[in-house]
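All remarks here apply to the structure that follows.
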Amino acid sequence: MEFSSKLLENAVNEVAQLPGIGKRTALRLVLHMLRQPKEQTMSLSSALQSMRNNIQFCKSCNNISDGEFCEICTNKNRNNQIICVVEDVRDVMAIENTGSFKGVYHVLGGKISPIDGIGPNDLHIESLVNKVKKGAVKELIFALSSTMEGDTTNFYIFKQLQNCNEITISTIARGISVGDELEYADEITLGRSILNRVPFESSFKL
């Protein structure tokens, strides 16, 4: 792809690094921004810079936040005794869109995957286990994707908490197809899978 401007080429190359964006799509987006009022492009640039410089991760659940603690964790209408364990922030958004869950979350930041070099110490598992062992949690809901890595992560956490007798450990119902990622599930199916969750021990004895 030939460019008449180095500035244009640099912008296209940067946009093309975004997931799912090829060079042609990147060029189309950059040319679109060039056609817009300068203030609109500068507003986009300012929003991205502000997000990158100021965004934080909740000290309680690791969700994206504007402050030390996210709006979900500080919401007094949420039941902080029920924790839904998810892989990343996209899963929080997917579940929140269903309107079916009124507890709080714990974002692991990934799944155990030895082939990718990701072990338990690379995830936010220890902080979750410590939170449960303090005795303030009544139920833990595993809502990781139904993949081998997701099931391995669920089972690892379950084993860490086997001596915590006063906690209920459940998993979302398998309305989600095996191998599917949570973020791609439709809201009705995902909502029902949360409401119809089953004891975790039953899920791996089937």
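The values are calculated or read from the model by the stated rules, or taken from the named source; none is laboratory data. Predicted model, so just to flag it, every value in this text is computed and none were measured. When we count neighbours, we look across all protein chains shown, and the Cβ atoms used for this are built from the backbone with ideal geometry, even at glycine.
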Regarding the stretch 58-71, can at least one residue be identified that is at positive phi and not assigned by TED's automatic domain parsing to the domain that holds L140? yes
So, N130, is that one modelled with pLDDT under 90 and more than 17 Å from the chain's Cα centre (by Cα) or not? no
Here is a list: E126, E96, E149. Which entry is closer than 26 Å to E166 by Cβ, in the same structural domain as I167 (by TED's automatic domain parsing) and among the acidic types (D, E)? E126
Report, by residue number, each residue of the stretch 1-14 that is of a type in the set (A, V, I, L, M, F, W, C) and assigned to a helix (DSSP H, G or I). L7, L8, A11, V12
Return a yes/no flag: does the stretch 43-61 have any residue that is within 25 Å of I169 (Cα to Cα) and polar (S, T, N, Q). yes
Are there any helices (runs of 4 or more DSSP H) wholly within the stretch 15-117 with 2 or more residues that are over 16 Å from the mean Cα position of the chain (by Cα) and surrounded by fewer than 14 Cβ atoms within 10 Å (Cβ to Cβ), and if so which? 23-35, 38-54
Residue check for N79: farther than 17 Å from P199 by Cα, assigned by TED's automatic domain parsing to the domain that holds P199, without any contact (Cβ under 8 Å) to a residue 40 or more places away in the chain and in contact with a strand residue (DSSP E or B) (Cβ under 8 Å, 6 or more places away or on another chain): yes
Every residue in the stretch 1-57 that is touching a Phe, Trp or Tyr at 6+ places or on another chain (Cβ under 8 Å) and of a type outside the set (V, I, T), please. E9
Looking at (1) in contact with a Lys or Arg (Cβ under 9 Å, 6 or more places away or on another chain); (2) touching a residue at least 24 places away in the same chain (Cβ under 8 Å); (3) not basic (K, R), which one does F69 not meet, given that it meets all the others? (2)
